[in-house]
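In what follows, a single structure is set out as C-alpha cells and then discussed.
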Amino acid sequence: METDLAEFEVKSPQDRTIMHVLYGLHTLAWFSGGVFAVIAVIINYVRRADESDAFYVMHHNYMISTFWWTLLWLVVLSPLWLLFVLPGFIAYGIVWLWYLYRCVRGWMRFNSQQPV
C-alpha cells in the first residue's frame, strides 16, 4: 500500500527535530538503563494525541509499539537470568539488537520521509 504524502500538512522544522530527538532517545535507551525510552514513549503519547499528520502519527505509533514489544520480551525472557547468566545475556542481547534495528530503521525511514 503506497501512502500519498501530498495529503499531509507541511510540518515545521521544530516538529521534525522533536521526532529526531525521540528516535535518538529510543536508540540510546539501552545506555541509560531504559530511562530514555520511558521519557521518549511518554512524549510519543503526548505528541501523538495532538498530531493531525498521519505520517507523524504512524511514526509515533511505531516507536510506541517498539517500546511495548521490547518491554514484553524483556519480561518474558527474564526467567532465563535465573538459570545462568549466559542464557539471559544472550536473550537480552537479541532483544537489544531487535530494538536497535527497529529504532534505526524507523529513524532512517522518517528521515527519508517514508512510512514505516
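The values are calculated or read from the model by the stated rules, or taken from the named source; none is laboratory data. In this text, all values refer to a predicted model and were calculated from it rather than measured experimentally. All Cβ positions, even for glycine, are placed from backbone atoms using ideal geometry, and neighbour counts span all protein chains on display.
Residues checked against (1) of a type in the set (Val, Ile, Thr); (2) touching a residue at least 40 places away in the same chain (Cβ under 8 Å); (3) touching a Lys or Arg at 6+ places or on another chain (Cβ under 8 Å); (4) over 30 Å from residue 15 (Cα atoms):
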| site | (1), (2), (3), (4) |
| --- | --- |
| 80 | no, no, no, yes |
| 86 | no, no, no, yes |
| 91 | no, no, no, yes |
| 97 | no, no, no, no |
| 105 | no, no, no, no |
| 113 | no, yes, no, no |
| 116 | yes, yes, yes, no |
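Anything in the stretch 98-113 that is of a type outside the set (Lys, Arg) and surrounded by 14 or more Cβ atoms within 10 Å (Cβ to Cβ)? List them, or say none.
98, 99, 100, 103, 106, 107, 110
Could you tell me which numbered condition residue 41 fails, if it satisfies all but one of (1) more than 22 Å from residue 94 (Cα to Cα); (2) at pLDDT 95 or above?
With (1) more than 22 Å from residue 94 (Cα to Cα); (2) at pLDDT 95 or above applied to residue 41, the lone miss is (1).
Of 95, 57, 38, 76, which residue is loosely packed, with under 14 Cβ neighbours inside 10 Å and not basic (Lys, Arg)? Before you say what the answer is, go through the steps one by one.
On the way: 95 fails: loosely packed, with under 14 Cβ neighbours inside 10 Å; 57 fails: loosely packed, with under 14 Cβ neighbours inside 10 Å; 38 fails: loosely packed, with under 14 Cβ neighbours inside 10 Å.
After ruling out the rest, the residue left standing is 76.
Which one is modelled with the lowest pLDDT, of the residues in the stretch 79-92 that are surrounded by 11 or more Cβ atoms within 10 Å (Cβ to Cβ) and part of a helix (DSSP H, G or I)?
My answer is 81.
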